[in-house]
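Engineer: Handing you this structure, nothing more for now.
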Amino acid sequence: MAAPVAERKPLPTGTAGGGALRLGVAGLGTVGCGLLAILQRNADLIAARAGRPLQVTAVSVRQRRKKRPLDPGPVRWHANPVDLARDPEVDVVVELIGGASGPARDLCLAALKAGKPVVTANKAMLAEHGGLLARQAASSGTVLAYEAAVAGAIPVIKTLREGLAGNRVHRLYGILNGTCNYILTTMEQTGRDFADVLAEAQRLGYAEADPSFDVDGIDAAHKLAILASLAFGSIIDFRKVHVEGISRVSAADIAMASELGYRIKLLGLAQMEQGGLVQRVHPCLVPLDTPIAHVDGVYNAVVTESCAAGRILLEGRGAGAEPTASAVAADLIDIAAGRFAPVFGVPGRHLARLRPGSMRDHVGCYYVRLQVHDQPGVIADISAILKRNGISIESLLQHGRAVDDERGVPVVMTTHEAREASMDKALGAIARLASVLDRPHAIRIEKLNEAEEG
Ligand SMILES: NC(=O)c1ccc[n+]([C@@H]2O[C@H](COP(=O)([O-])OP(=O)(O)OC[C@H]3O[C@@H](n4cnc5c(N)ncnc54)[C@H](OP(=O)(O)O)[C@@H]3O)[C@@H](O)[C@H]2O)c1
C-alpha cells in the first residue's frame, strides 16, 4: 500500500550562524572530506546560491582521532551516527558512511522519520532500500537527495528527474563504473590481460582490495537500478538487474573487437523490451564511431534517448573526493534554497511496478570467440549448429594456422540479430563439439547508433 503523502514540512531556517542551514555529516572519509573542502573553499559562492550559508555543526566517524586531510572545526562529535538525526542543532543529515544496511540505513531512516532532509551518496543503500526510504521521506514530508550516488560529478539525477521531465525515455545506457572502465581501457592500450591490469589498478588505488563489487558489475547494477527507476517511473528493483562482470574479457577479445571496429565497455542498459523493463549490466562491443566508445579511463558517461530531446550524452568524473562531493553540495544548495522534487521523479503512489523483461527474449547481435582444433570441417560444423538455431554469421576471423594443435586456434565470429535463448542453445551445442577446446565466450554487441532511429 502506498504511504500517505504528508504535506511537505517548511524547510528549517536554523538558529546558528544567522539563518545558516546546519549540517550533520556522517562519514569523513573520501567523500566527507571532499565535501568539507568544497564547503570551506566556496563558502561565499555557496551561500549566495543557496540564499544562506551552509554550516557543518555536527559530524560522526568511527575513529575520531584518525588523521584527516581537513579539520571540520568546532563541531559536535557523535560516536553513534543515528544521534545526528536527534541532534537539535542539525537541520539536514548528510550520510557518507556507505553500506547498503547497518548504520547508514539506520541513520537515514531515523533522520527522515524526524522530518529532516537527507543527502546521501550511497548507491548500494538506495538500490536495496530506495523504496522504503522514499516512502518514509514522502510520509514525513521531507527530502531524500542522492545526486552523488550515480556517476559522481555528472548531474544525471537532475537531468533525468527535472531536465527531461517532459520526455518519455526510450532507452538509457552508460559506463557506470570507473574501475572497470579503467581496467578495460588499460587492457586495450597495453595489450595486457585482466588479472595483470587489475593487480596494477589495486596498487594505484583505482580498485579496492576486494574488487568484486566493481569487476563483477554489482556497483554498476546498483546505479542502473536507480537510473531505471527515474527514467521509467518504476519502483526500484535491483534484484531484476541482469549482471555480468568483466573478468572473462581477455586481451584477445579486446584486440579482435578492435579489428572488427568495436571497443569493449562494461555498460548498464535499461530499456522497455516487449512490454517488460530490461535492466542489464554486462560487457558490450560498442562501435568505434559512437561517442561512448571513447569514454576512457576512470571516466563515466550516461546516454539518455528520449522522445522530444533525442540523444543526450553526459560524461565526467564518476568518483573521487571532490567530484562526488560536488554533487552532494548541489543537493544541499537545493535544499537550502527550498527546491524540492519527489525522490524518484513522481510521488511514490504513481511509480509503476513494471514487469521485468526476460534476457532469454532479448534480441541482439553477438561476438563469439572459440578455441578450436585447426582441422577441416570445424567451421562447417559450427555454422550448421548456428543455422539450425536460426542464427546467421555476419563476419568470421581466423588468424594463422595452429603451431601446436593441442592449444588450437582462436576463431572469432559476429552474428546478425538473434534471440538470446537461441544463442545460448547454439553455444551449448557448439561447446559439445569434439573440435571445440574451450567454453565459447560470447559478448553482446550493442549497435547503439542504429537504435535511436528505430
Ligand atoms: N569514494 C568515492 O569516490 C565515491 C563515489 C561515489 C559514491 N561514493 C559513496 O559515498 C559513500 C562514502 O564513500 P567514501 O569513499 O567516502 O567512504 P570512506 O572513505 O570509506 O569513508 C567512510 C566514512 O564513514 C565513517 N564510518 C564508517 N562506519 C561508521 C559508523 N558506524 N559510524 C560513523 N562513521 C562511520 C568512516 O569513519 P573513519 O574515517 O573514522 O573510519 C569514514 O569516515 C559510500 O556510500 C560510497 O559508495 C563514494
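Engineer: Provide the percentage of antiparallel DSSP beta bridges, counting only those with both residues in the chain; round to the nearest 5.
Structural biologist: Here the antiparallel bridges make up roughly 65 percent for the chain.
Engineer: Just from its helices, what would the mean residue ellipticity at 222 nm be for the chain, if runs of 4 or more DSSP H residues each count -39500 (n - 2.57) and the sum is divided by every residue, rounded to the nearest 500 deg cm²/dmol?
Structural biologist: Taken over the chain, the calculation gives -10000 deg cm²/dmol.
Engineer: Still on this structure, I have one more. With the crude spin-label approximation of a point 7 Å out along Cα→Cβ, what separation in nm comes out for H294 versus R353?
Structural biologist: 4.6
Engineer: Using only Cα atoms and rounding to the nearest 10 degrees, what angle (0 to 90) does helix 102-113 make with the longest principal axis of the chain?
Structural biologist: Taking the Cα atoms of the chain, the angle to 102-113 is about 50 degrees.
Engineer: Still on this model: Projected onto the charge dipole of the range 57-142 (+1 at Lys/Arg Cβ, -1 at Asp/Glu Cβ, origin at the Cα centre), which of A100, A134, T120 gives the Cα projection farthest towards the positive end?
Structural biologist: The residue sitting most towards the positive pole is A100.
Engineer: If you split all Cα-Cα distances of the range 249-316 into 5 Å bins from zero, what percentages do you get per bin, shortest first?
Structural biologist: In order of increasing distance, the bins hold 4, 14, 20, 25, 19, 12, 5, 1, 0 percent.
Engineer: For the range 238-369, just the Cα set please: Rg and Dmax, both in angstrom.
Structural biologist: 18.1, 55
Engineer: Let me know the Rg and Dmax you get for the chain when you use only its Cα atoms, in Å.
Structural biologist: 24.4, 84
Engineer: I've got another one for you. Roughly how big is the range 221-328's charge dipole about its Cα centre, with Cβ charges of +1 (Lys, Arg) and -1 (Asp, Glu), in debye to the nearest 20?
Structural biologist: The calculation lands at about 260 debye.
Engineer: Report the Stokes-Einstein translational diffusion coefficient (µm² s⁻¹, integer) for the range 89-188, Rh taken as the Kirkwood radius over Cα pairs, at 10 °C with viscosity 1.306 mPa s.
Structural biologist: The Stokes-Einstein estimate is 106 µm²/s.
Engineer: Suppose every K and R has +1 on its Cβ and every D and E has -1 on its Cβ; what is the size of the dipole of the range 337-454 about the Cα centre, in Debye to the nearest 20?
Structural biologist: Roughly 700 debye, rounded to the nearest 20.
Engineer: For the range 18-148, give the magnitude of the charge dipole about the Cα centre (Cβ charges: +1 Lys/Arg, -1 Asp/Glu; no others), in debye to the nearest 20.
Structural biologist: 300
Engineer: Just tell me which lysines come within less than 27 Å, Cα to Cα, of K387; anything on the same chain fewer than 8 places away is out.
Structural biologist: K425, K447
Engineer: Along the positive direction of the dipole of the range 114-234 (beta-carbon charges: Lys, Arg +1; Asp, Glu -1; about the Cα centre), which of A231, M187, I218 reaches farthest?
Structural biologist: Of A231, M187, I218, it is A231.
Engineer: What number does the range 162-205 give for Rg over Rh if you use C-alpha atoms and the Kirkwood radius?
Structural biologist: Details: Rg = 16.3 Å, Rh = 12.7 Å.
Here Rg/Rh amounts to 1.28.
Engineer: Run the simple label-point estimate for E259 and S392 please: 7 Å along Cα→C-beta, distance reported in nm.
Structural biologist: Reported label-point gap for E259 and S392 is 2.4 nm.
Engineer: Normalised radius of gyration for the range 136-257, please: alpha carbon Rg relative to 2.2 N^0.38 Å, two decimal places.
Structural biologist: It is 1.25.
Engineer: For the range 334-454, count the residues as N, evaluate 2.2 N^0.38 Å, and divide the Cα radius of gyration by that value, please.
Structural biologist: Dividing the Cα radius of gyration by 2.2 N^0.38 Å gives 1.61.
Engineer: A follow-up question, please. How large is the Kirkwood hydrodynamic radius of the range 320-364, counting all unique pairs of alpha carbons, in Å?
Structural biologist: This gives a value of 14.2 Å.
Engineer: Taking Cα pairs under 8 Å and at least six residues apart, what relative contact order does the chain come out at, in percent?
Structural biologist: Rounded, it is 16 percent for the chain.
Engineer: Another question about this same structure. Under the Karplus relation 6.51 cos²θ - 1.76 cosθ + 1.60, θ = phi - 60°, what is the ordered set of whole-Hz ³J(HN,Hα) values for the range 295-309, x standing for Gly and Pro?
Structural biologist: Calculated HN-Hα couplings, in order: 8, 10, x, 7, 5, 10, 8, 10, 10, 10, 10, 9, 5, 9, 7 Hz.
Engineer: Too long at a 24 Å Cα-Cα cut-off: which of K67/K123; K123/K265; K116/K158? Please list the in-between numbers first.
Structural biologist: Values: K67/K123 27 Å; K123/K265 21 Å; K116/K158 21 Å.
Where the Cα-Cα span goes over 24 Å, the pairs concerned are K67/K123.
We did not get these values from a lab; they are worked out from the coordinates using the rules stated. Being a predicted model, the structure only gives us computed values, none of them experimental. Every residue, glycine as well, gets a Cβ built from its backbone with ideal geometry; the counts of neighbours run over all protein chains shown.
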